[in-house]
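Since the structure comes first, as structure tokens, the remarks are kept for the end.
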Amino acid sequence: MDKKKKGILDFRRMKAEGEKLTWLTAYDYPTATFEEAADIDMILVGDSMGNCVYGYQSGTLPVTMDMCIVHCQAIRRGAPNTHIMGDMPFGSYQTTPEDAVRNAVRFYKEAEVDSIKLEGGRRIVPMIKAIVDAGMVLCGHIGLTPQSTGQFGGYKAQGRTAEAALEVIKDARAVRDAGAAMLLLEAVTPEVGAFIAKDLDIPVYSIGAGIDCDGQLLIVSDVLGIWEAFKPKFVKRYAEIADLSVKALTEYVSDVRAGRFPEDIHCYKMIEGEAEKLEKLAREL
Ligand code: KIV
């Protein structure tokens, strides 16, 4: 079957054949249509919307299930033939396995996602097992996990010493053993990325984990140059949309102030003869 027909991806075949998976975040309908047109394999409706869309000072932490569901629904409409992954926000899976399953189910029922992602290694194994046992496709996320940056002391690369790298590797194995279909590694050295991608039989994807992983994820706002507050080392910008937008909006403001907009081509036309008729009628008012 054509992989684009239903957003169904054979992750294990892709890994076995060395086919790199392409992956971006998206938060709104137009961006989803652009990404599907660009033939992206997978879209993450990330809780990074907390930074990139809502501008929360504390980043992802205030993002709620209801917000994620609404954004996932928009992405589903914009990219009907692409694999869509819902990102479980802070507080939606950390309490009990039952709570985690209930919230994961909401993504499938209310937003028709194809998979879900949650952050954490050994400490959330019971939640991973419960979600997988309920029949859902789950992506683990370890290394630098943005929902725990308070504990890491900020956005810092993980696993940079041999001992710290071993802890990341133990988390990776625990997530795999709990039944995850795939794993995302964030902000670890390429050595750690390469080791884990080789060590695990499930696909291991990278956001700042080096070239040897089975595919790459980036945040679309970073790629397009929309989010400018902070640029992690692993980001490559492919456009400068913020600069372009400010330039275009400044021109608009200046055109309106100077009376250069609107021009004739931006105006509706009266039906032939109606303007003269109106003038006459108005005089008689
Ligand atoms: O929310 C998100 O976009 C993420 C990425 C940072 C991996 O989880």
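May I ask you to give the percent of accessible area on segment 103-206 that is carbon plus sulfur, with a probe radius of 1.4 Å?
53 percent
Read phi for every residue in segment 94-109 and hand back ³J(HN,Hα) as whole Hz from Karplus 6.51 cos²θ - 1.76 cosθ + 1.60, θ = phi - 60°, with x for Gly and Pro.
In residue order, the calculated couplings are 7, 7, 9, x, 5, 4, 4, 5, 4, 6, 4, 4, 4, 4, 6, 6 Hz.
Just want the answer: with Cβ charges of +1 for Lys and Arg and -1 for Asp and Glu, which residue in 221, 210, 234 is farthest toward the dipole's positive end in the chain?
Comparing the listed Cα positions along the dipole, 210 ranks first.
Per residue, how many Å² of accessible area does segment 46-180 show with a 1.4 Å probe?
Per-residue value: 42 Å².
If the limit is 24 Å between Cα atoms, which of 129/156; 170/231; 109/156; 156/236; 20/117 go over it?
129/156; 170/231; 109/156
Mind checking the dipole of the chain: about its Cα centre, +1 per Lys or Arg Cβ, -1 per Asp or Glu Cβ, Debye to the nearest 20?
580 debye
With the crude spin-label approximation of a point 7 Å out along Cα→Cβ, what separation in nm comes out for residue 152 versus residue 167?
1.2 nm
Between residue 239 and residue 198, how many nm apart are label points set 7 Å from Cα along the C-beta direction?
If labels sit at residue 239 and residue 198, their model points lie 3.8 nm apart.
So how do 112, 35 rank on accessible area, 1.4 Å probe, biggest first, that is with the largest at the start?
The residues order as 112, 35, largest area first.
Just how much of residue 231 is accessible, in Å², when a 1.4 Å probe is used and the result is rounded to the nearest 10?
Surface open to solvent at residue 231 totals about 110 Å².
Picking from 249, 21, 118, which is most flexible by a Gaussian network model of the chain using Cα springs under 10 Å?
Result for the chain, Cα springs under 10 Å: 249 fluctuates most.
As a test question: what accessible area, to the nearest 10 Å², does residue 256 have when a 1.4 Å probe is rolled over all protein chains in place?
70 Å²
May I ask for the net charge around residue 125, where only other residues with Cβ less than 14 Å from the Cβ of residue 125 are counted and Lys, Arg are +1 while Asp, Glu are -1?
+2
Averaging sequence separations of C-alpha pairs under 8 Å and six or more residues apart, then dividing by the length of the chain, give the relative contact order as a whole percent.
14 percent
Quick one: 3J(HN,Hα) in Hz for segment 134-143, Karplus 6.51/-1.76/1.60 with θ = phi - 60°, rounded, Gly and Pro as x.
7, x, 9, 8, 10, 10, x, 8, 10, x
I'd like the distance between the alpha-carbon centres of segment 158-180 and segment 51-81, rounded to an integer number of Å.
Answer, in whole Å: 28.
Taking θ as phi - 60°, what are the ³J(HN,Hα) couplings along segment 209-218 by the Karplus curve (6.51, -1.76, 1.60), each to the nearest whole Hz, with x for Gly and Pro?
With coefficients 6.51, -1.76 and 1.60, one gets 10, x, 6, 7, 6, 7, x, 10, 10, 9 Hz.
Take every Cα pair under 8 Å in segment 97-181 that's 6+ residues apart, average their separations, divide by the length, and report that relative contact order as a whole percent.
33 percent
Taking segment 211-242, which trypsin sites (Lys or Arg not before Pro) meet the DSSP loop condition and have no more than 12 other C-beta atoms within 10 Å?
Qualifying residues, ordered by number: 233, 236.
Taking the Cα centre of each part, how many Å lie between segment 101-143 and segment 17-34?
What the calculation gives is 20 Å, centre to centre.
The values are calculated or read from the model by the stated rules, or taken from the named source; none is laboratory data. Not measured: the values here are computed from a predicted model. Don't worry about glycine lacking a Cβ; one is built from the backbone with ideal geometry, like all the others, and counts go over all protein chains shown. These area figures cover heavy atoms from the full protein model, side chains too; ligands, DNA and RNA do not enter into them. Shrake-Rupley method; radii C 1.70, N 1.55, O 1.52, S 1.80 Å.
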